[in-house]
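Working notes for the structure below.
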Amino acid sequence: MSDQVLIISSHDDLHALSIVWAAQQLEGAMCRILAFHEAPSLASTSIHLGEAGQEITWNDSTSNDTIRLSAFDKIWLRKIAKNKIPDYLHPEDRPFARGSWSQFLDYISKSRLDPGVWINDPHTAEYSDTKNNQLLHAAQSGLKIPATLIGNDPQDIRTFFDQHANEGVIIKPLQPFEWKDGDDYLVPFTTTINREDLEDDETLMSSPMIYQSCIQKQYELRILVAGDNLEVGKLDTQSQERSVIDSRLGNDMATGFVTHYELPNHLKDRLLHFCRCMGLGTGVIDMARGLDGEYYFFEVNPSGQYLWLDACSKDVCTLGAMVKYLFPNHHRQIENSDLSFARFVESGFHIDYAERLDGKIIPHFVNPN
C-alpha cells in the first residue's frame, strides 16, 4: 500500500521540501506541495459538485501541476500565508477578494474528506495556537506550567508581579510582530520585567500581554511530536547569557548547544495525551527542566520549526520522525534508508527544486517560532 501526502505550505519551505525529497527515496510513496497563498496570482482552484460527490482541484502554474485532493490519504497543514491579491484589483475590491479566499479555505477545510486525512486542519490549528488553550490543556494533561496572567488590567498585572517577585516575572506578546527601522526589522523576544516597568496604567492597558513566573532552568527542550513519535533536542541555553530567558537568542551552532534527549516515559505519555486533546497530529513543543527537577510546559507551535535541531546535532533526527509518521506503509524502507537532514542537504534537492521553478514562486517567509 502506498502513502500519498499533500503538504499545504510553500515551494520555498525547507520542511516541506525535505518531505518531498524523502518520498522520492521510497518506492511507491508520493508527496506534493500545495501553496495556497499563491492563489489567485499563480494558481486557480475549483470545487466540483455533483451526484457522485465532490472533487477539489488545484491548478498550480508555478509547477504546471494539477492536484486532486481526493488522491491523497494525508493532507498536512504546514503553513498558510495570506493570499497574494493581484495588483490590478481596485483598492476597494481587495478586502472582498481577500475575504473570499479566506472563506474558500473554510470550504476546503470543512469538506467531508475521509476521517484522518487532515493533519492539523485549519480550525484545529487555529484553536491550538491560542496560548490560554495550550496552557489549560497542558495542565489538564498533568504537565506543569508557569503561573500565568494574560491581560491588560494594571492592578491585576502589578498584583501578579508582587506575588512572583522572588522568582521573577517575564513578559511576551500574544502574537509575533516586528518594527521596521530603516533597513532593519526589530523583533521582541521574551524578557524579564521590573516593578518600575509597571507604573504607567496607559502603557499596560494599551495591549494585553502574557505575564508568567520566571522558571529557573537547567536546560530547555524542543520536542517534535509526529503522531506517536517524539524526537527531542536538549538546548544548553543556560551556558550562554543571551539565551537564559529566550532560547532563540542563543548561538545554536555552538558545540554542544543541541544534543539528543530521551524523555521519561511518564512525560511522553502526558505530551501525547495533550496533543490528542488539542487535536494535533504534529507540533513543536517548548519545555524546560527547572532547577527543582520538574519539567515545565511553555507552548506548542502547530507549525513550528524543527529541522535546525538536525542541523545542529547529528544525533537528533526530526526529519526521520516526520517521515515515519507521514509514510507508515514504508517503515521497512525507511529503516533501511538514510533519510537524515544531512543527506537531504547533501543531495542539493532544494536547490534543484528552486532552479526548476525559476523564481516563479511567491516567497512564504517562515516565522522563527
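The values are calculated or read from the model by the stated rules, or taken from the named source; none is laboratory data. Please read these numbers as outputs of a predicted model, since none were measured by experiment. Cβ coordinates were reconstructed from backbone atoms using ideal geometry, including for glycine residues, and neighbour counts include every protein chain displayed. Calculation scope for accessible area: heavy atoms of the full protein, side chains included, ligands and nucleic acids excluded. Shrake-Rupley method; radii C 1.70, N 1.55, O 1.52, S 1.80 Å.
Rundown of residues vs (1) over 24 Å from His137 (Cα atoms); (2) without any contact (Cβ under 8 Å) to a residue 40 or more places away in the chain, yes/no style:
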| position | (1), (2) |
| --- | --- |
| Asp236 | yes, yes |
| Gln240 | yes, yes |
| Thr259 | yes, no |
| Leu263 | no, no |
| Cys275 | no, no |
| Gly279 | no, no |
| Asp286 | no, no |
| Arg289 | no, no |
Problem - Single unsatisfied condition, Gly151 versus (1) modelled with pLDDT under 95; (2) within 30 Å of the chain's Cα centre (by Cα) - result: (1)
Exercise for the section: May I ask you to list the residues in the range 321-351 that are within 17 Å of Leu230 (Cα to Cα), free of Cβ contacts under 8 Å to residues at least 40 places away in the same chain and either touching a His at 6+ places or on another chain (Cβ under 6 Å) or not in a helix (DSSP H, G or I) (or both)? Expected result: Ser340
Exercise for the section: Select from the range 311-320 the residues that are closer than 19 Å to Met287 by Cα and either at pLDDT 95 or above or polar (S, T, N, Q) (or both) and write down the one among them that is most open to solvent (accessible area, probe 1.4 Å). Expected result: Cys317
Practice task
Being open to solvent by less than 100 Å² (accessible area, probe 1.4 Å) and within 21 Å of Asp129 (Cα to Cα) is the filter; apply it to the range 80-98 and report the residue that is farthest from the chain's Cα centre (by Cα).
Solution key: Asn83
Exercise for the section: Can you confirm whether the range 112-130 contains a residue that is at pLDDT 90 or above, of a type outside the set (A, V, I, L, M, F, W, C) and within 30 Å of Pro208 (Cα to Cα)? Expected result: yes
Practice task
Examine the range 233-240 for a residue that is β-branched (Val, Ile, Thr) and touching a Phe, Trp or Tyr at 6+ places or on another chain (Cβ under 8 Å), and state whether such a residue exists.
Solution key: yes
Exercise for the section: May I ask you to list the residues in the range 293-318 that are in a strand (DSSP E or B) and under 21 Å from Ile150 (Cβ atoms)? Expected result: Tyr296, Phe297, Phe298, Glu299, Val300, Asn301
Problem - Near pairs, Cβ below 7 angstrom, 6+ apart or cross-chain, from the range 16-39 (farther than 19 Å from Ile351 by Cα) to any residue that is open to solvent by less than 10 Å² (accessible area, probe 1.4 Å) and among the charged types (D, E, K, R) - result: Ala29/Asp3
